[in-house]
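The block underneath contains the structure these notes are about, expressed in structure tokens.
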Amino acid sequence: MDRECYPYMQLKVEEYFFVSNGKRKIAKSVTFDQAADKTVNLCFGDLRPDGGIDDKADSNNGDIVKVIATVLNILRQFCMQHPDTRVYIEGSTKLRTLLYNRVLNNYYTILSREFSILCYANNYDDIRLVPFDAQHKWQYWAFLITKQS
């Protein structure tokens, strides 16, 4: 990534932590939860006091670009450690899904050098798993990312 990111710690094989330092300090967590054979679900959000993740929090902390760059660097590190694993990403809200679509549009040229990116698209009740296409006007609602060999 060519964007500055926050320093982060890998707490466990599947768990990462960093602090968003915008208008205030907010602890963030990224985990990779087993979903199926060789597929994990990327979970991301504010770290709750009980250790859980609030994936619907709208922090509005003024540092979204740096936060997203950090999550993408964590994704890269995880995929380097687990090259045969597919990472499933789905927004917890419609707004978050739109954000992920925008991020993918903005960073596709960089990400496509390292990752294969498939998307779940719904076009008039025709649900498909298709390669990401920045020129296509479909709204992608989930993403499946794998490290290229």
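Pairing each residue of the range 49-62 that is more than 13 Å from GLY91 (Cα to Cα) with any residue that is of a type in the set (Phe, Trp, Tyr), provided the two are 6+ apart or on different chains, yields C-beta distances under 8 Å for ILE53/PHE44.
Selection over the range 67-83 of residues that are touching a strand residue (DSSP E or B) at 6+ places or on another chain (Cβ under 8 Å) and either of a type in the set (A, V, I, L, M, F, W, C) or more than 20 Å from LEU11 (Cβ to Cβ) (or both) gives a count of 8.
When we screen LEU11, LEU42, LEU95 for residues that are surrounded by fewer than 18 Cβ atoms within 10 Å (Cβ to Cβ) and part of a strand (DSSP E or B), the only hit is LEU11. Take the conditions (1) in contact with a Leu (Cβ under 9 Å, 6 or more places away or on another chain); (2) over 24 Å from LYS23 (Cα atoms); ILE53 misses just one of them, which is (2).
Could you please find all residues in the range 20-38 being over 16 Å from LYS56 (Cα atoms), in a strand (DSSP E or B) and without any contact (Cβ under 8 Å) to a residue 40 or more places away in the chain? Once the filter is applied, which keeps residues that are over 16 Å from LYS56 (Cα atoms), in a strand (DSSP E or B) and without any contact (Cβ under 8 Å) to a residue 40 or more places away in the chain, the range 20-38 yields LYS25, ASP33, GLN34, ALA36.
Each row is one residue, and each column tells you yes or no for (1) surrounded by 13 or more Cβ atoms within 10 Å (Cβ to Cβ); (2) part of a strand (DSSP E or B); (3) among the aliphatic types (A, V, I, L, M).
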| position | (1), (2), (3) |
| --- | --- |
| VAL65 | yes, no, yes |
| PHE78 | yes, no, no |
| PRO83 | no, no, no |
| TYR107 | yes, no, no |
| LEU118 | yes, yes, yes |
| ARG128 | no, yes, no |
| ALA134 | no, no, yes |
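Being over 22 Å from GLN10 (Cα atoms) and touching a residue at least 24 places away in the same chain (Cβ under 8 Å), is that true of even one residue in the range 39-48? Checked against the condition, which is being over 22 Å from GLN10 (Cα atoms) and touching a residue at least 24 places away in the same chain (Cβ under 8 Å), the range 39-48 yields no hits at all.
Every number in this text was worked out from the coordinates using simple rules, so none of it is lab data. What you see is a predicted model, and the numbers here were worked out from it, not measured in a lab. Neighbour counts run over all protein chains shown; Cβ positions are idealised from the backbone, glycine included.
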